[in-house]
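The values are calculated or read from the model by the stated rules, or taken from the named source; none is laboratory data. Owing to the predicted nature of the structure, the values given are computational and were not obtained by experimental measurement. Cβ: placed from backbone, ideal geometry, glycine included. Neighbour counts: every protein chain shown. These area figures cover heavy atoms from the full protein model, side chains too; ligands, DNA and RNA do not enter into them. Shrake-Rupley method; radii C 1.70, N 1.55, O 1.52, S 1.80 Å.
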Amino acid sequence: MTALLQLTGTVIMPDTHALVNDFLNKLKKRKIEGSKATAKLTAELLRSVISQQRLPNTNQAGALIHAIKAIGEQLTAANHVEVAVGNIVRRVLHIIREEDVSLTTASIGGLSLQGLSDDEEDNPLVSAAVAAAAARTTLRPPSLQTLLEDMPSHSAAAAALHHSSSSAGDSEDKTKSTDKNSRSRKLKHNVIETVNELIQDIATCHEQIAEQAVEHIHHNEVILTLGSSGTVIEFLCAAKEKKRSFRVFVAEGAPRYQGHTLAKELVARGLQTTVITDSAVFAMISRVNMVIVGAHAVMANGGVIAPVGLNMVALAAQRHSVPFVVLAGIHKLCPLYPHNPEVLLNELKSPSELLDFGELSDCMDFGIGTGSPLLHVVNPAFDYVPPKLVSLFITDTGGHNPSYMYRLIADYYSADDLVLQQRPTS
Amino acid sequence: MDPRRAPRTVIDPKVRQVGFFAPPDRSQSVPLSQSSNSPSSPPLSDLSPSGNSLSPVMIPPPRHLSDLSSLPITAGLPPTRLSPPVHRFSGESVVPIGSYNPSEFASPSVGDLFEDKNARSPGPRRSRGGGGSAKIASSLPAGGFELPPEVKPKSLTTVSVVSNLRPNVTEKVGEKSIESQDGSGANSKQPLKEKTSKAERRALQEAQRAAKAAAKGGNGVANIKTGKANSVQKKDNASVAAPSEKRLADHKDKDRKKDAPHPRMQFDDATRVEKAKKRAIVKQTEVRNRVELFRHLPQYEHGTKLPHLEYKFFSLNSNSVHPAVYKVGLRYLAGDISGGNARCIAMLQAFQESIMEYSAPPERALNRDLTAKINSYISYLIECRPLSISMGSAIKFVKTRIANLPLTLSESEAKANLLSEINHFINEKIILADKVIVRHAVTKVRDGDILLTYGSSSAVEMILLHAHELGKQFRVVIVDSRPKLEGRLLLRRLVAKGVSCTYVHINATSYIMHEVTRVFLGASSVLANGTVYSRVGTACVAMVANACGVPVIVCCEAYKFHERVQLDSICCNELGDPDAISKVHGRKEVNHLMDIADNENLQLLNLTYDVTPSDYVSMIITDYGMIPPTSVPVIVRELRKEQIWSG
């Protein structure tokens, strides 16, 4: 294991190092913000890391996973609020695992087919189980049925997988030493291919979400939104293009006033837009048909990390039974269950957005006092909306209930990657 | 039951007849104390319930009893009808703006108003015809000279109506003693009584009270009607015929309509808006892109005319507003004075100033003329900014007091009386009430508390400062919201006093609410269904507090309670300056909306108030004590009774 670590340490090329460090700096200094931008950049970074990663002959997937995890740990530590970074890292890890499994299944399948005649009694159960499991995960859509069927064979498949990945070298050396070069190239190639698809998905997810707009927005509706989300703009404009006439209330979202930018964009696209103060949300919600907002991240329990103020909007919407709809691309789905998200998944921004520096210096007495400052200014960036306040999630795969989000998320991530921190090596 | 009914049906018309001079309803509170000298009896405000403001809500006295006991009072009243001069009833048509006003001749500077007073006071009377508007010239002489012919037809018609409809009433004509009248009236009207159901009678009684209130208000039909009725009695007090029951009934009907809260001006009614514009002193321009949902409210471009109006202050003789009132109006418009209490006190003080310099024209009664004048001031103030409910309550009070001034008082006495009454109102209803509220609320602050407040409420500020003075250890979270950012002012004042504070924007309420132990909120008004009408955003804060299980305590003086009900914040509200939304003060980089403000797709909505549902409110602290929101209607009812009694 230690040897492997050293190996991967040396294997990362210096230019990827520079890339990673550059990205880390940007994350730390909050140069990159917004889940979409960070997700895209993370995926691109990981792609270049993978492509430049020199893989050992044995246990290629393990090495790749290890390298990505090492980077992922750094990235998530740099900015714990940008959950999308962790999501993408986990997603890439999942892709590597899946590609590896499909390659292994193919090779084992080939192997078992080859050895059907001579070593039939040798290890038929395991190989069959692996092949079946692989076939299921790759071919069949996820369902309760699948889950149940998977139960008995899962351990066996995992054992086989473990066997094949950890001691793949031995078996490969014995059996398929000839096509190991081609296989290593194939794994890398496949992974990069899939990561490219992922990047594509991130770039186009809002289009797929926007396609569903006409199913949700009708004539003469009044829609309330808060925060500036590109997905929401696309969603509303898609409905507008379908000749639906409706009006939009935009809460301005002080102190960052993202609502102003959103309103500007909507007005430019010809939507009837009314800007209201955040305090008027409760007053206006009784005349609103639907609240449509973007999210910063969607947690596995269906809770939403969203721009500050949305919890208030969600409460008001619940009070007046107004549907609260959250639009979320795949990169926003986080496989973690939040603990105390109001505080732990939040970020306090500069007080200067609320009060100018020194504005109250004339009336504050710094000379005396017990050391604890008389004045605190709290300026959080995010709000947590619990799942019970959300009526519907619209992702690129369709609409989902908050209670279903855990399952949707389970499709995209593998359980082994939930914790990115690597165990300290002994 | 029948012995009770008998006197009442007879009394009813009489109470109404007397209505203009003396408050008959007062008899309900002090049944026998004023049997003979009721018109000039001293005001009972000292006995008013708010005097012992710490007492729990009172149980109203039983109605039947008081009705019975008010019998002898009516016997004592007729002589007083003789005393008032006839010209008192001349002003049947209320002249809203063009009426006499000392301010027409006011000198530009406010400072030397006092020295001008003496010199000015006789002036207006002589120069009115020439200097005033055409309206004044036409209306006022008429009031003086055409009176006798005007009154006569009315008395004739009334008498004819009476003789047509109720032949049996004519037995009362003549110098009959009231005692016998009571007896005979009761007997002769026996069949009639049976027709009127219990509900109807009750309605009548209510309507009487309302008639008084409305008459005091000096606006509209009720006023004229009572004026007519009274003048009829004046003319032939020897042969007073009790007005017929039928006439009485439809009279009551109209008064009853007056009793309901007056519907506000709806600004989507084009004709009425046009009319209002013609009268307006403050010509405001309307906002370009109006929000469809709020067509019924005025949406003005804020403060655009302010420089012009300030300039007009120096040429005030062209309009009819007293300089002090004018100044207050401008300060409302500019936003210098905000907050229910501050606005109310400023208005009352301006009224005081104008009353001080007021002198009634010779041919008009002081209370009629002054009411008209106050009305014109109020319509001016409404143009500057819609009235707050606190102001509405104060105006009602002032008008009641003016209408109830005993006629025997000389002008200077009446003025002194009014001034002291207004002072009394300010002291008792606002300042003392706040003190009582603070005393109650401080008991709810414990050591180690984290108190959250929203915006800047004067009552809450007093509570916090008092608790700090008492040495309680607590922390204050001040929630603020755009565009007014009133919380900053509160923050500044509290921090200067050494209270430790946390300052957040309203969006972060749910972040900070987890650590808060109590929420103290101010209110612009508390409505009869328990909803709290307050600065926009209060509802959001109360909602989040409710969701987090934090008690919400609303502090509101009882004079701000109102019998109106409201379910949402849209039907009745006030719209602020829309440009305040697009302008982000001090943050140039976020002023995205400035350049597209003219785009027809963009509307800016700046609501001023919102309505907090009563289930978010744990407790309302008022000068009557700490009550749940469900008890608000009780306070409202008690207040109304008090107003009528003491009025």
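Checking the Cα-Cα distances for A:Lys264/B:Lys484; A:Lys36/A:Lys242; A:Lys31/B:Lys588 against a 24 Å cut-off, the pairs over it are A:Lys36/A:Lys242.
From largest to smallest, what semi-axes in whole angstrom does the range A:317-357 give when each is the square root of 5 times an eigenvalue of its alpha carbon gyration tensor?
On the way: eigenvalues 144, 76, 31 Å².
Equivalent ellipsoid of the range A:317-357: 27, 19, 12 Å, largest first.
Report the semi-axes of the equivalent ellipsoid for the range A:26-87 in whole Å, largest first, where each axis is √(5λ) for an eigenvalue λ of the Cα gyration tensor.
Numbers: eigenvalues 121, 25, 15 Å².
For the range A:26-87, the semi-axes come out at 25, 11, 9 Å.
Taking only alpha carbon atoms, the range B:516-555 gives an Rg to Rh ratio of 0.95, where Rh is the Kirkwood radius. The mean sequence distance of close C-alpha pairs (under 8 Å, at least 6 residues apart), as a share of the length of the range B:504-610, puts its relative contact order at 30 percent.
State whether the range B:480-626 is rounded, prolate or oblate according to the following rule on the C-alpha gyration tensor (a ≥ b ≥ c being the square roots of its eigenvalues): a/c under 1.5 gives rounded; otherwise a/b larger than b/c gives prolate, and the remaining case gives oblate. Intermediate values should be presented prior to the final figure.
Values: a/c = 2.00, a/b = 1.33, b/c = 1.50.
Here the range B:480-626 falls in the oblate category.
What shape does the range B:454-517 take by its C-alpha gyration tensor, where a ≥ b ≥ c are the square roots of the eigenvalues and a/c under 1.5 counts as rounded, a/b above b/c as prolate, and the rest as oblate? Note, shape of the range B:454-517 comes out oblate.
If I compute solvent accessible area with a 1.4 Å probe over the protein chains, what percent of it on the range A:224-347 is carbon and sulfur?
Working: 1540 of 3200 Å².
Heavy-atom surface of the range A:224-347 belonging to carbon and sulfur, 1.4 Å probe: 48 percent.
Once backbone amide H atoms are built at 1.01 Å from N, A:Phe249 has A:Ile223, A:Leu224, A:Thr225, A:Thr274 as its partners under 5 Å, excluding neighbours fewer than 5 places away on the same chain. On the principal axes of its alpha-carbon atoms, the range B:358-398 has extents of 34, 20, 12 Å, going from largest to smallest. Rounded, prolate or oblate, given the Cα gyration tensor of the range B:431-554, with a/c below 1.5 counting as rounded? Taking the square roots of the gyration eigenvalues as a ≥ b ≥ c, the range B:431-554 is rounded.
The eigenvalues of the Cα gyration tensor, multiplied by 5 and square-rooted, give the range B:576-625 an equivalent ellipsoid with semi-axes of 37, 14, 9 Å from largest to smallest. Distance from the C-alpha centroid of the range A:302-342 to that of the range B:458-522: 28 Å, rounded to the whole angstrom.
Give the average, rounded to an integer, of partner chain Cβ atoms located within 10 angstrom of each Cβ in A:302-309. Each step should come with its number before you reach the end.
Values: counts 0, 0, 0, 0, 0, 1, 8, 8.
Mean partner-chain Cβ count within 10 Å for A:302-309: 2.
Cα centroids of the range B:346-425 and the range A:17-38: 69 Å apart.
May I ask which of B:Lys373/B:Lys435; A:Lys240/A:Lys349; A:Lys349/B:Lys583; B:Lys275/B:Lys429; A:Lys188/A:Lys332 have a Cα-Cα span longer than 30 Å here?
Values: B:Lys373/B:Lys435 33 Å; A:Lys240/A:Lys349 35 Å; A:Lys349/B:Lys583 22 Å; B:Lys275/B:Lys429 35 Å; A:Lys188/A:Lys332 26 Å.
Result: B:Lys373/B:Lys435; A:Lys240/A:Lys349; B:Lys275/B:Lys429 exceed 30 Å.
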